[in-house]
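Take a look at the structure below.
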There are 2 protein chains.
Amino acid sequence: MPDRSATAIACANIAFIKYWGNRDARLRLPSNGSISMNLGGLFTRTRVTWAELRVTSNESQEQDSLVINNKPITGAGLSRVSTFLDEVRRMAGIKSRAEVVSENNFPSSAGIASSASAFAALALAASAAAGLELSQAELSRLARRGSGSACRSIPGGFVEWQAGTGDADSYAVSIAPPEHWPLADCVAVVSHAHKATGSTEGHALAATSPLQAARVADAPRRLDLCRRAILSRDFEAFAGIAELDSNLMHTVMMTSNPPLFYWQPATLTIMQAVREWRASGLPVCYTIDAGPNVHVITEAAEAERVAALLANMPGVQKVLAAQVGGAGAVQFLPSTKRVTVQACHPEGAFCATEGSQGQSEEILRRWKNTSGSE
Amino acid sequence: MPDRSATAIACANIAFIKYWGNRDARLRLPSNGSISMNLGGLFTRTRVTWAELRVTSNESQEQDSLVINNKPITGAGLSRVSTFLDEVRRMAGIKSRAEVVSENNFPSSAGIASSASAFAALALAASAAAGLELSQAELSRLARRGSGSACRSIPGGFVEWQAGTGDADSYAVSIAPPEHWPLADCVAVVSHAHKATGSTEGHALAATSPLQAARVADAPRRLDLCRRAILSRDFEAFAGIAELDSNLMHTVMMTSNPPLFYWQPATLTIMQAVREWRASGLPVCYTIDAGPNVHVITEAAEAERVAALLANMPGVQKVLAAQVGGAGAVQFLPSTKRVTVQACHPEGAFCATEGSQGQSEEILRRWKNTSGSE
């Protein structure tokens, strides 16, 4: 087999009904279904090149290689990717090693998990380069094996990951396209610190909380409420269920053994402000992943105002904003660095700022410059 | 019946396994059992005087009267006390009105609920003045009717409120006397603001959280762990279960409908600091009631150091410290203002400070001056 290469991109996503805990950690079969929105403009681009199959007596020479954001990765990071690539090798019936080169267009300090977009892009690129022609459901299942939430970065827009009964039916589907409801996610970054406990370890602790079973048992009700709120574009209903679900995940985290506290004082300040802003009529709600940063969801038309409000809150180091993003996409572009990002909706604007005061105008300027919908 | 008067005192208490939610709101039968420690030196003193029975055609003239901290109370506050006194009237077979004069020796801004000590002292004084000779269990049951946690301020030291099967067996008993384990509660007061949602309303919301049933179902396990930790004076085990239980109550609060957030940013800062102090070897753990203030439990020998640490934390307005208190006690002292506080362990020291910086020495001085165990 000659060298085969493919490049793919996939957006990050933010969950409104959260994934926390697996019923099968190896297969990453989740304890409950989840619902998310892709983050337009915030994506990982990954190129996978399968080397010609060489058989040597020394298998250690046949390692995959991995470069992320121009840095060679070895150790646990490479090992996780190789385990993932083993699944692709098994599906394609090949034994080649792969070269993986990956870049995120959002900084690691952005308060946005990169494993979802990274494994979604890797699933797309690795399978395409290996000659596999997978359906969206098969791609979503494959991405799930690398990182659970990655399965939600395969379809576009608003996405639901069905918990399923096993590997075969545990994948994500789009429940509404990006244009269905122009929402935006304004991420208030309150800390650049690397999170103390990674998601993979965290998922394993979920079952040690006396509350996890109740959270999981109640998930179908929340999924139903969230899906209906999205389909009917009912922001008030959406806000209530998204905040409840975020609180439920963090309460399980805080009551696991050992307890995981991701909230910082500034996190709590912003949560309270968001509830007050909503009470005064602004369509905003918060959702928080396994970290201290606050994702403030709003209508796209209010994103400038919300980003400005957040930028002036104490403890906020940076605000990013993204609109609803599209599906992951693969491209056979082995030799170029240029990638079209059509699928990820480049107009899902990306705005960032540093500093703590007087930055609102800078945010607004960048938002206007990059936002195609303005 | 001639005028009969009695004065009683009862300590405040702090729960380690929390009471949150009733299975019968009228009888204040709790959803789960709880464990607490009395706070020595922080008490309510209440005098009840039953007027001679007069029958008039106008029943409105026969209202009870209530004075708390020298302020006449009417409206909902008086109504709650009158409803409680109705139960005493029923038990004693009298129809007299009562004059109730009550004082807390801790400020309302102390971050310590006064309803427990208040209804415990009222139960003691009202029943004694009415000529009832109640057992400790009967007194605890009676106090429970006024405020659930008040039933725990009747027995001394470390106390367990058995959820029971009904009114008859839902009362508190001492599981260890004050001298069993010299602990102290250092209360970091971060806000003087009146709490947004009172406990009675909060209890009614508990069942709206999808997590309350799981919290309640797991309570026997936590009660067992906490009781064992206290009986064996195992601080590490005690710290783990007390913090878990506090987190569990707040997670139920945060996920009820509407959600109740009692934590403030400073609350979270102190919680984190306490975990770090414990990790570095200091015997400390936190527990938080329906408010933003943090009760930091430590060994009495470390209380000075812990109070000083807390006083220098950002956002801390005041620190109080109390050692383990004794049982509530009644005294027939109708005509004097002097009360012996032996039963409440006056040596359970009371130290307070105002301001935000450089107050450690003041705390230490007061602690030494008032602490009989130094």
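Sort B:GLU87, B:GLU236 by heavy-atom solvent-accessible area, probe 1.4 angstrom, most to least.
Putting B:GLU87, B:GLU236 in descending order of accessible area: B:GLU236, B:GLU87.
Taking all protein chains as present, what is the carbon and sulfur share of the accessible area of the stretch A:55-214, in % to the nearest whole number, probe 1.4 Å?
Carbon-and-sulfur percentage of accessible area, whole number: 51.
Please list A:PHE43, A:PHE16 from largest to smallest accessible area, probe radius 1.4 Å, with all protein chains kept in place.
Solvent-accessible surface, decreasing: A:PHE43, A:PHE16.
May I ask you to derive the relative contact order of the stretch A:4-371, considering only C-alpha pairs under 8 Å and at least 6 residues apart, and to give it as an integer percent?
For the stretch A:4-371, the relative contact order is 23 percent.
Work out the P(r) tail for the stretch B:62-218: percent of alpha carbon pairs separated by more than 24 Å, whole number.
Beyond 24 Å sits 42 percent of the P(r) for the stretch B:62-218.
How would A:ASP86, B:ASP218 rank on accessible area, largest to smallest, probe 1.4 Å?
The ranking, largest first, comes out as A:ASP86, B:ASP218.
Which GluC sites (Glu not before Pro) from the stretch A:122-218 combine a DSSP loop assignment with at most 15 other Cβ atoms within 10 Å?
Those satisfying the criteria are A:GLU133.
If the convex hull of the alpha-carbon atoms of the stretch B:4-371 is projected onto planes in all directions, what is the mean projected area in square nanometres?
Averaged projected area of the stretch B:4-371's Cα convex hull equals 17.4 nm².
Which residues belonging to the stretch B:239-262 lose at least 30 Å² of 1.4 Å-probe accessible area when the assembly is complete, relative to their chain isolated?
Listed by number, the residues meeting the 30 Å² cut-off are B:LEU244, B:ASN247, B:LEU248, B:THR251, B:MET254, B:THR255, B:PHE261.
Counting only protein heavy atoms and rolling a 1.4 Å probe, how much accessible area do A and B lose on contact, total for both sides, in Å² to 100?
1900 Å²
So which residues of the stretch B:203-220 lose at least 40 Å² of accessible area, probe 1.4 Å, when you go from the chain by itself to every protein chain present?
B:PRO210, B:LEU211, B:ALA214
Using the Cβ atoms and a cut-off under 14 Å, what net charge is assigned to the surroundings of A:GLY148, where Lys and Arg are +1 and Asp and Glu are -1?
Summing Lys/Arg as +1 and Asp/Glu as -1 gives +4.
How large, in percent, is the carbon and sulfur part of the accessible surface of the stretch A:233-272 at a probe radius of 1.4 Å?
48 percent
Just for the stretch A:4-371, what percent of DSSP beta bridges are antiparallel, to the closest 5?
Expressed as a percentage, antiparallel bridges in the stretch A:4-371 total about 95.
With the cut-off at 28 Å, tell me which of the pairs A:LYS18/A:LYS95; B:LYS71/B:LYS95; A:LYS71/A:LYS318; B:LYS71/B:LYS318; B:LYS18/B:LYS71 have Cα atoms farther apart than that.
A:LYS18/A:LYS95; B:LYS18/B:LYS71
Under 10 Å from the Cβ of B:ALA121, count the other residues' Cβ atoms, weight Lys and Arg +1, Asp and Glu -1, and hand me the total.
+1
The values are calculated or read from the model by the stated rules, or taken from the named source; none is laboratory data. Being a predicted model, the structure only gives us computed values, none of them experimental. A quick note on method: Cβ atoms are made from the backbone with ideal geometry, for glycine too, and the neighbour counts reach across all protein chains shown. Note: areas computed on protein heavy atoms with side chains; ligands, DNA, RNA excluded. Shrake-Rupley method; radii C 1.70, N 1.55, O 1.52, S 1.80 Å.
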